[in-house]
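S.K.: Attaching a single structure in structure tokens format; questions to follow.
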Amino acid sequence: METSFFKENNLSEAAKLIQAGELVAFPTETVYGLGADALNEEAVKKVYSAKGRPSDNPLIVHIASREELESLVAEIPAIAEPLIKKFWPGPLTLIFKVKPGVFSTSVTAGLESVAIRMPDNSLTLKLIQLAERPLVGPSANTSGRPSPTSAEHVYHDLEGKIAGIIDGGATGIGLESTVLDLTSPENPLILRPGAITQQNLKEVLGKDVTYDHHLIGKEEAPKAPGMKYTHYAPEEPVILVKGTDYNLWRKAITHYLKQGETIGILANEEIISKVKSEVEDVFSLGLKANVNEASYSLYAGLRFFEKTKVTLILAEAYEINDNTRAYMNRLEKSAGGKYF
Ligand code: TXA
Ligand code: MG
């Protein structure tokens, strides 16, 4: 299959492909999604095979208007209203009890709930309107790899396996949406951290919102099924180095050079400028330690080293707090939790 590129001027062609049950990747404010008609089971099954995604990992359904929600979910709890008002369109996925009979088990993985979000990207909102149906949209990468933050990343992973890619340039946030479970409305639960933080949610709801246990280090299986798999991993192993202490970076570099590794550094410019001459290659996460800039560049950086001779990536880790939690969640997964 040839994979075509679409832009604003030919979105209606992309919408026709969706209506015909084909796969079209779309840009969002977080990462690129792999779009298919959420109401067409055959199309949804193609998403799993194109990505190589385990079938017990449910998908997020993307909508373009608040009105579409009523027809998809069993009930909209009162707590959802201020969140929708404040954060949609935007990087907040909400989990509702699903309306029976609307989605195939391929969308929900057989759960009685469904994840819904309204992405903040004008091309994709238009695509959903033109296609006249909700779209499933897992990140448009091969399962297990870093999520795509550009059309080129999608093409690299899925060329020949999908009908099209809508090119909306680099995505603004760079990490996937916050996933908030509202199926027990009295106890909203963050299943995946993202750009909308625990504090942001608390401010809108006027009460505490908790993290799913495994996100704060407990051993049980996560409630978001996808969080248990290997994720965000490039071809080379990743090791985390915490902070900007030059001596620690020096020590790590010396240690892995002795082991015969060819080292790549994924860190901010201040670190890079000091250690550049000692390593094979570098990728900048921004001028200085800033977790938003680092989040924007993380996946592009992990993918960058695949085109180099590097055999090991040393990546900049932050102290975990409300603002750094999403970045650290993805980075720790890409490193399998390994720190120097
Ligand atoms: O920012 C995003 O959310 C991107 C863009 C493309 O919209 N999409 C994305 O989709 O990250 P995906 O499939 O890579 O991640 C969906 C996450 C998984 O961890 C999945 O387990 C969880 O949402 N999820 C989906 N439905 C769920 C449900 N009913 N209950 C619990 N978790 C669910
Ligand atoms: Mg993903």
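Computed from the coordinates by the stated procedures, all read-outs in this text should not be read as laboratory data. Fair warning: this is a prediction, and the values are worked out from it, not measured in the lab. Counting neighbours? That spans all protein chains shown, and the Cβs are built from the backbone with ideal geometry, glycine included.
S.K.: For LYS258, go through the aspartates and glutamates and keep the ones whose alpha-carbon is under 18 Å away, minus same-chain ones fewer than eight residues off.
M.R.: GLU236, GLU278, GLU280, ASP281
S.K.: Could you work out the longest stretch of the chain that avoids the trypsin sites (Lys or Arg not before Pro) located in DSSP loops with at most 14 other Cβ atoms within 10 Å? Before the final figure, lay out each step's value.
M.R.: Working: sites that count: LYS7, ARG66, LYS207, LYS218, LYS288, LYS309, LYS338.
Longest run free of exposed loop sites: 67-206.
S.K.: Same structure, new question: With each pseudo-label sitting 7 Å past Cα toward Cβ, what's the THR210-GLU132 distance in nm, one decimal?
M.R.: 4.6
S.K.: Taking the Cβ of ALA151 as the center, what net charge do the other residues with Cβ under 14 Å away carry, scoring Lys and Arg +1 and Asp and Glu -1?
M.R.: Numbers: positive: LYS7, ARG303; negative: GLU8, GLU152, ASP157, GLU159, ASP167.
Its environment carries a net charge of -3.
S.K.: For the stretch 276-290, in order, what is each residue's ³J(HN,Hα) by Karplus, 6.51 cos²θ - 1.76 cosθ + 1.60 with θ = phi - 60°, in whole Hz (x at glycine and Pro)?
M.R.: After applying 6.51 cos²θ - 1.76 cosθ + 1.60, I find 3, 5, 9, 10, 6, 8, 9, 9, 7, 9, x, 5, 9, 4, 8 Hz.
S.K.: Just to confirm my numbers, what's the Cα centroid distance between the stretch 142-202 and the stretch 1-27 in Å?
M.R.: 19
S.K.: DSSP loop GluC sites (Glu not before Pro) in the stretch 4-99 with at most 16 other Cβ atoms within 10 Å of their Cβ, which ones?
M.R.: Values: sites: GLU8, GLU13, GLU22, GLU29, GLU41, GLU42, GLU67, GLU68, GLU70, GLU75; in loops: GLU22, GLU29, GLU75.
Here the sparse-neighbourhood loop sites are GLU75.
S.K.: Would you calculate a helix-derived [θ] at 222 nm for the chain, using -39,500 (n - 2.57) for each DSSP H run of n ≥ 4 and dividing by the full residue count, to the nearest 500?
M.R.: Details: 12 runs with 106 residues, N = 340.
Estimated from H runs of four or more residues: -8500 deg cm²/dmol.
S.K.: Round to the nearest 0.05 the FRET efficiency obtained for ALA74 and SER12 when R0 = 35 Å and r is the Cβ-Cβ distance.
M.R.: On the way: r = 33 Å, r/R0 = 0.94.
Plugging the Cβ-Cβ distance into 1/(1 + (r/R0)^6) gives 0.60.
S.K.: Mind checking the alpha-carbon convex hull of the stretch 268-323 and giving the volume per residue in Å³? Walk me through the intermediate numbers first.
M.R.: Numbers: hull volume 4.6 nm³, N = 56.
Dividing the Cα hull volume of the stretch 268-323 by its residues yields 82 Å³.
S.K.: Please give every one of the lysines within straight-line cross-link reach of LYS16, meaning a C-alpha to C-alpha distance under 18 Å, and leave out same-chain neighbours fewer than 8 residues apart.
M.R.: Within the straight-line cut-off, LYS16 pairs with LYS7, LYS46, LYS126, LYS161.
S.K.: Using the charge dipole of the chain (Lys, Arg: +1 at Cβ; Asp, Glu: -1 at Cβ; taken about the Cα centre), state which of ILE84, PRO148, VAL47 has its Cα farthest towards the positive end.
M.R.: Positive-most Cα among the choices belongs to PRO148.
S.K.: Equivalent-ellipsoid semi-axes (√(5λ), Cα gyration tensor) for the stretch 4-47, whole Å, largest first?
M.R.: Values: eigenvalues 62, 38, 11 Å².
For the stretch 4-47, the semi-axes come out at 18, 14, 7 Å.
S.K.: To make sure I understand, if each residue's beta carbon is the centre and we count other beta carbons within 10 Å, what order do THR324, THR28, THR311, THR93 fall in, fewest to most? Can you show the working numbers first?
M.R.: Values: THR324 20, THR28 28, THR311 17, THR93 25.
In order of increasing Cβ crowding within 10 Å: THR311, THR324, THR93, THR28.
S.K.: Using the basic label-point model (7 angstrom from Cα toward the beta carbon), what is the ARG250 to SER273 distance in nanometres?
M.R.: Distance between label points: 1.8 nm.
S.K.: Please work out the Cα convex hull volume for the chain and give it in Å³ per residue.
M.R.: Numbers: hull volume 43.9 nm³, N = 340.
Output value, Cα hull per residue: 129 Å³.
S.K.: Hey, what does the equivalent ellipsoid look like for the stretch 1-95, semi-axes from the Cα gyration tensor as sqrt of 5 times each eigenvalue, largest first, whole Å? List each step's numbers first, then the result.
M.R.: Numbers: eigenvalues 131, 57, 34 Å².
One finds semi-axes of 26, 17, 13 Å for the stretch 1-95.
S.K.: Compute the separation of the alpha-carbon centres of the stretch 243-257 and the stretch 291-322 and state it in Å as a whole number.
M.R.: 16
S.K.: How high is the relative contact order of the chain, in percent, with contacts defined as C-alpha pairs under 8 Å that are six or more residues apart?
M.R.: 19
S.K.: Would you list, by chain and number, the lysines whose Cα falls below 24 Å from the Cα of LYS97, excluding same-chain residues fewer than 8 positions away?
M.R.: Candidates past the 8-residue exclusion: LYS45, LYS85, LYS86, LYS202, LYS207, LYS223, LYS228.
S.K.: Find out how many positive minus negative residues lie around TYR327, taking Lys and Arg as positive, Asp and Glu as negative, among other residues whose Cβ is under 12 Å from that of TYR327. Mind showing how you got there, number by number?
M.R.: Values: positive: ARG325, ARG330, LYS333; negative: GLU176, GLU293, GLU316, GLU319, ASP322, GLU332.
That works out to -3.
S.K.: A further question follows. Taking every pair of Cα atoms in the stretch 128-196, average 1/r, invert it to obtain the Kirkwood radius, and report Rg/Rh to two decimals.
M.R.: Values: Rg = 14.9 Å, Rh = 14.4 Å.
On the Cα set of the stretch 128-196, Rg over Rh gives 1.04.
S.K.: Only four residue types carry charge here, +1 at the Cβ of Lys and Arg and -1 at the Cβ of Asp and Glu. Report the dipole size of the chain about the Cα centre in Debye, rounded to the nearest 20.
M.R.: Details: 36 positive and 44 negative charges, 101 e Å.
With only Lys, Arg, Asp and Glu charged at Cβ, the dipole is about 480 debye.
S.K.: When the C-alpha atoms of the stretch 241-340 are aligned to their principal axes, what extent does each axis show, in angstrom, from largest down?
M.R.: Ordered largest first, the stretch 241-340 gives principal extents of 37, 28, 25 Å.
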